[in-house]
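What follows is a single structure, written as C-alpha cells, with notes after it.
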Amino acid sequence: MSDLDYTKARRHLARRDPVLRDLMRAHGPCGLAARQHANPFKALVRAIVGQQLSAKAAATIFSRFELLFEPGSFPAPAQVVAVPDERLRGVGLSSQKLGYVRDLCRRIEEGQLPLDVLDRMDDEAVIETLTQVKGVGRWTAEMFLIFRLQRPDVLPVGDLGIVNAVKRAYRLRKTPSPDRLRRIGEAWRPYRSVACWYLWASLNNEPTKD
C-alpha cells in the first residue's frame, strides 16, 4: 500500500465506522508501512518467536537470536540450521519453537517453501502455503500477510489483541466471537488490516496469539 492508499483507507473507515474514526483521531497516521518486514524469512521467524508471548518478551528473545549471527544482516536458513540446539534454546527458544524454526529452514532449503513467489499469490493461497510449516497456523500466516506483504484486507479473528480491543472499543458486554468480529469487520472492507492496526494501537500492544 502507498501513502495515498493509507489516506484513502482512513477516509473510508472514518465514513463507515465512528468507533474507528475516534481511534484514528487518537492514534494518528497508520503505522503499518513502518512495521513492514522486508525479509520474508525474518518475518516468519519473528512470528514464530512471538507466538503466545507478550510483545516485550518476544522482542527480547528475537534480539538474542539475532545476536547469534553476524551483525547487520539477518541469517540465511542454512546459517540457522548450523547453530546447535543448545545455543538456540539458550536465547529463549522453547523446544517446540526450535522445532518449528528447524522445519521452516528445512522447507526453504529443500525448495518446498518458495518465499519469492508468495507476493504473487492471493491471501488464501499464501495462508495455505505457509500453514504447511510446523507451528505456522492461520494467525502467523495472517501476520505475514499484514506485516510482510502489506495486504490491506486481512482480519485475524483469532488474535487476542483484536478480540480485546473490539470488546473495549465497541463496549461489548461479552467477548466477541469470530463470527461477530467478522460481522463488525464487514464495515471495514476493503481495509480491514488498517482497522486492525488501530485496534492494536488502542491497546498499546502487538498481536501475540496463534
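At a glance:
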read-out: Unmet requirement for LEU145, which otherwise passes all of (1) within 22 Å of LEU181 (Cα to Cα); (2) in contact with a Gly (Cβ under 8 Å, 6 or more places away or on another chain); value: (2)
read-out: Residue in the range 107-118 that is over 19 Å from the mean Cα position of the chain (by Cα) and surrounded by 16 or more Cβ atoms within 10 Å (Cβ to Cβ) present; value: yes
read-out: Filter pass, GLY185 being surrounded by fewer than 18 Cβ atoms within 10 Å (Cβ to Cβ) and among the small types (Gly, Ala, Ser); value: no
read-out: Candidates PRO84, PRO77, PRO71 - the one that is open to solvent by less than 50 Å² (accessible area, probe 1.4 Å) and not hydrophobic (A, V, I, L, M, F, W, C); value: PRO77
read-out: Any hit, the range 155-174, residues being free of Cβ contacts under 8 Å to residues at least 12 places away in the same chain, touching a Ser or Thr at 6+ places or on another chain (Cβ under 6 Å) and either over 28 Å from LEU98 (Cα atoms) or buried (at least 16 other Cβ atoms within 10 Å of the Cβ) (or both); value: yes
read-out: Close pairs from the range 141-154: first open to solvent by 10 Å² or more (accessible area, probe 1.4 Å), partner outside any helix (DSSP H, G or I) and of a type in the set (Phe, Trp, Tyr), Cβ under 6 Å, at least 6 apart; value: PRO152/TYR191
read-out: Verdict on ARG180 being within 19 Å of TYR6 (Cα to Cα) and surrounded by fewer than 18 Cβ atoms within 10 Å (Cβ to Cβ); value: no
read-out: Extreme residue, most open to solvent (accessible area, probe 1.4 Å), among residues of the range 24-45 that are over 18 Å from PRO114 (Cα atoms) and part of a helix (DSSP H, G or I); value: ARG25
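The values are calculated or read from the model by the stated rules, or taken from the named source; none is laboratory data. These figures come from a predicted structure and were not determined experimentally. Cβ atoms come from the backbone with ideal geometry, glycine included; neighbour counts cover every protein chain shown. Quick note on the areas: whole protein, heavy atoms, side chains included, nothing else; ligands and nucleic acids left out. Shrake-Rupley method; radii C 1.70, N 1.55, O 1.52, S 1.80 Å.
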